[in-house]
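Written below as structure tokens is the structure these notes are about.
The values are calculated or read from the model by the stated rules, or taken from the named source; none is laboratory data. From a predicted model like this one, the values you see are computed outputs, not experimental measurements. All Cβ positions, glycine included, derive from the backbone under ideal geometry; neighbour counts span all protein chains shown. Heavy atoms of the whole protein, side chains included, go into the accessibility calculation; ligands, DNA and RNA do not. Shrake-Rupley method; radii C 1.70, N 1.55, O 1.52, S 1.80 Å.
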Amino acid sequence: MSNIVVLVKQVPDTYSERKLTDDDFTLDRDSADAVLDEINENAVEAALQLKEADSSRNVIVLSVGPERATEALRKALSLGCDEAKLVVDENLAGSDALGTAWTLSNALNQIEDIELIIAGNASTDGGAGSVPGLLAEYRQIPALTHMEELSVEGGKVTGKRVTEEGVFGLEAPTPAIVSVTEKSNTPRFAAFKGIMAAKKKTIEELSLEEIGVDAANVGLANATTSVSASTPKPPKSAGEIINDEGEGGKQLVEFLVKEKLV
């Protein structure tokens, strides 16, 4: 049986107000509701479709985060994933993309027979989009990023990437890492049966020591990137009302031109 590993992340809900802490400008995760990142649902859906195409595949969701991240993993399990693993360690707090990718790479060493690793193209709380590429470098495997279509057959992963320059067909031998966009599929909803089944599934928790990661390589103090300052988003200003007395269309166009919206 081959394993498809989906990398998931718990993030503050986009419908909540996201804040940074005042002292080190890291994300204040307690200031908002936490959810499974939306793009991760596309990654999970891609993995589940591959499993439906070949029932010998096993889907494992993997995350790095605080104890609370089990909620996101439980959501992925309710959608149909088979297993879940969480790397949780207080030394991970404040890790940047490099530290996170290094931790994930070592956690992946605990999983045998990996056919494919699937991730979202970028998280909504950071947006760097660099973890898939970093993992490809750490593990010395191919990376197919920003994919809108995906299939795996005969030891090869193929798919389509759409950019402003055109549509590109990509392929690589497995094992490989793939990142998908929100246009890659339509995520399924968790059925009641799946939700109940997820409650019975065990989420394996791993420490840094168990996966062979030195705490000196992760965490805020060892991060290679950091935020040194932040500026709150300005409050919304009152809109401009245009009274149409025959010149409304012209005034609207002039306004859009002035604001460089057209």
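Out of the residues in the range 129-176 that are surrounded by fewer than 17 Cβ atoms within 10 Å (Cβ to Cβ) and among the β-branched types (V, I, T), state the one that is nearest to L104 (Cα to Cα). It comes out as T158.
Annotation note: of L150, L134, the sole residue that is under 30 Å from D13 (Cβ atoms) and assigned to a strand (DSSP E or B) is L150.
On inspection, V262 passes the criterion of being open to solvent by 60 Å² or more (accessible area, probe 1.4 Å), touching a helix residue (DSSP H, G or I) at 6+ places or on another chain (Cβ under 6 Å) and modelled with pLDDT under 95.
Counting only helices (runs of 4 or more DSSP H) that sit completely within the range 21-110, those holding 1 or more residues that are out of contact with any Cys (no Cβ under 8 Å at 6 or more places or on another chain) and hydroxyl-bearing (S, T, Y) correspond to 70-79, 97-108.
Per the conditions (1) surrounded by 14 or more Cβ atoms within 10 Å (Cβ to Cβ); (2) modelled with pLDDT under 95, the sole criterion not satisfied by K233 is (1). Pairing residues of the range 205-232 that are in contact (Cβ under 8 Å) with a residue 24 or more places away in the chain with residues that are of a type in the set (K, R) and part of a strand (DSSP E or B), at Cβ distances under 8 Å and at least 6 apart in sequence or on separate chains, gives E205/K85; L206/K85. All conditions in (1) open to solvent by less than 60 Å² (accessible area, probe 1.4 Å); (2) touching a residue at least 24 places away in the same chain (Cβ under 8 Å); (3) in contact with a helix residue (DSSP H, G or I) (Cβ under 7 Å, 6 or more places away or on another chain) hold for I242, with the sole exception of (2).
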